[in-house]
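The values are calculated or read from the model by the stated rules, or taken from the named source; none is laboratory data. This is a predicted model, so every value here is computed, not measured. FYI the Cβ positions are ideal-geometry reconstructions off the backbone, even for glycines, and counts take in every protein chain you see. Ligands, DNA and RNA are stripped out before the accessible areas are found, and what is left, the full protein with its side chains, is counted by its heavy atoms. Shrake-Rupley method; radii C 1.70, N 1.55, O 1.52, S 1.80 Å.
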Amino acid sequence: MTLPQALSAFEMDHIGIAVRSLEEGFRFYKTLGFGVMTIETVADQKVRVAMLDLANQSRIELLEPTSVDSPVQKFLDKNGPGIHHICLRVQNLRALLADLKKAQVHLIDNEPRLGAHNCQVAFVHPRATGGVLLELSEESSQ
Ligand code: ZN
């Protein structure tokens with residue numbers, strides 16, 4: 001199965017790491033020399049998010065649940081803190097999702113929704129990817 005979108009159009013955007021608290025999760029990165037966290041709440045996903053910028057335009061995303069029914073809280077209950085998902089930046093998320101649906105790939109989101117930094121995002125089920133929760137993200141055009 002080959003999708004029309006060229007592979008070169010994909011870039012590593014970030015790696016999402018589930019933490020019990022952003023302050024606790026940030027401690028190690030602070031030791032590495034990262035500065036102050038910029039914190040954002042993504043109500044839709046019931047998380048507080050801190051993005052740590054890396055030199056190659058990739059990022060580490062720390063995810064703290066804001067409610068007991070947050071998907072990240074469920075992940076923490078099951079696995080403890082650790083890698084929660086990886087995120088690829090894509091060019092045309094809506095078209096890619098349509099192609100993935102046609103290819104019968106198991107999606108969590110059939111339509112793009114609002115993620116951190118005003119990006120449009122959609123998740124692909126770990127069952128489809130070999131066990132990794134995959135986020136696809138498109139930067140908003142403004
Ligand atoms: Zn993410």
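Is at least one residue of region 56-65 open to solvent by less than 60 Å² (accessible area, probe 1.4 Å) and among the basic types (K, R)? Give the derivation first.
To start, the set of residues in region 56-65 that are open to solvent by less than 60 Å² (accessible area, probe 1.4 Å) comprises 58-65.
Filter once more, so that each one left must be among the basic types (K, R): 59.
The answer is yes, given that some residue of region 56-65 is open to solvent by less than 60 Å² (accessible area, probe 1.4 Å) and among the basic types (K, R).
Could we say that I83 is in contact (Cβ under 8 Å) with a residue 12 or more places away in the chain, of a type in the set (A, V, I, L, M) and within 14 Å of the ligand (Cβ to nearest atom) here? If you could, list the steps in order and put the result at the bottom.
Details: in contact (Cβ under 8 Å) with a residue 12 or more places away in the chain: yes; of a type in the set (A, V, I, L, M): yes; within 14 Å of the ligand (Cβ to nearest atom): yes.
Taking the combined requirement at face value, the residue satisfies it.
Within region 110-124, restricting attention to residues that are out of contact with any Lys or Arg (no Cβ under 9 Å at 6 or more places or on another chain), open to solvent by 40 Å² or more (accessible area, probe 1.4 Å) and not polar (S, T, N, Q), which residue is modelled with the highest pLDDT?
Here the answer is R113.
For region 1-35, which residues satisfy the criterion of being modelled with pLDDT under 90 and surrounded by 11 or more Cβ atoms within 10 Å (Cβ to Cβ)?
Scanning region 1-35 gives L3, Q5, A9.
Pick from Q57, Q120: which is touching a residue at least 12 places away in the same chain (Cβ under 8 Å), touching a helix residue (DSSP H, G or I) at 6+ places or on another chain (Cβ under 6 Å) and within 20 Å of S140 (Cβ to Cβ)? Can you show your working first?
Details: Q57 fails: touching a helix residue (DSSP H, G or I) at 6+ places or on another chain (Cβ under 6 Å).
Every option except Q120 fails the conditions.
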